[in-house]
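Student: Pasting in a structure now, in structure tokens, and then I'll have a few things to ask.
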Amino acid sequence: MHVEAGDILLVRPGNYRKILDQGPVSTTAPMTICQVACTPWFKARGIAMLGTDTSNDVRPSHYANIATPLHTVSLVALGLWLIDNANVCLDLHHPHATVVSCSRPHPSPHCETASIQLF
């Protein structure tokens, strides 16, 4: 997978599919997703938006005084747009589809489309 500046990164750990198959889960149930430690990687690649099929934060939080560390760092420090609880169960004719095209959330004079990276 190649991630470039302006891309939209969608992470699919399977939460949405699990909810469809097994029903809703408690908002306090443990959740696995990118940790706040991933934010330097997001910044280095200049991604425009991060979307997941979870709330975008590991539960329970690993920080006593910050319930949503990924939201805090991504939104406040990086200005990174987040998509929470998205249906990223996209098939795209392959179970591990990686790239489709869409409009950029931030228009660029050099490019009018961005890649959506799905993994």
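Student: Can you run down the residue pairs with Cβ atoms below 8 Å, 6 or more apart or on separate chains, where the first is in the range 69-82 and over 19 Å from THR32 (Cα atoms) and in contact (Cβ under 8 Å) with a residue 24 or more places away in the chain and the partner is buried (at least 17 other Cβ atoms within 10 Å of the Cβ) and of a type in the set (Gly, Ala, Ser)?
Tutor: LEU80/ALA48; LEU80/SER74; TRP81/ALA48
Student: Another question, if that's okay. Regarding THR39, is this residue in a loop (DSSP other than H, G, I, E, B) and in contact (Cβ under 8 Å) with a residue 24 or more places away in the chain?
Tutor: It is false that THR39 is in a loop (DSSP other than H, G, I, E, B) and in contact (Cβ under 8 Å) with a residue 24 or more places away in the chain.
Student: Can you pull out every residue in the range 23-67 that is polar (S, T, N, Q) and either closer than 22 Å to GLU4 by Cα or buried (at least 19 other Cβ atoms within 10 Å of the Cβ) (or both)? Walk me through it before giving the result.
Tutor: Within the range 23-67, the first condition is being polar (S, T, N, Q), and the residues that meet it are 26-28, 32, 35, 39, 52, 54-56, 61, 65.
If the condition is that a residue be polar (S, T, N, Q) and either closer than 22 Å to GLU4 by Cα or buried (at least 19 other Cβ atoms within 10 Å of the Cβ) (or both), then GLN35, THR39, THR52, THR54, ASN56 are the ones that fit.
Student: Take the conditions part of a strand (DSSP E or B) and within 14 Å of the chain's Cα centre (by Cα) and apply them to GLY51. Does it pass?
Tutor: On the way: part of a strand (DSSP E or B): yes; within 14 Å of the chain's Cα centre (by Cα): yes.
So GLY51 passes the test.
FYI, it's all coordinate maths here, none of it is from the lab. Quick caveat, the model's predicted, so the values are computed rather than measured. FYI the Cβ positions are ideal-geometry reconstructions off the backbone, even for glycines, and counts take in every protein chain you see.
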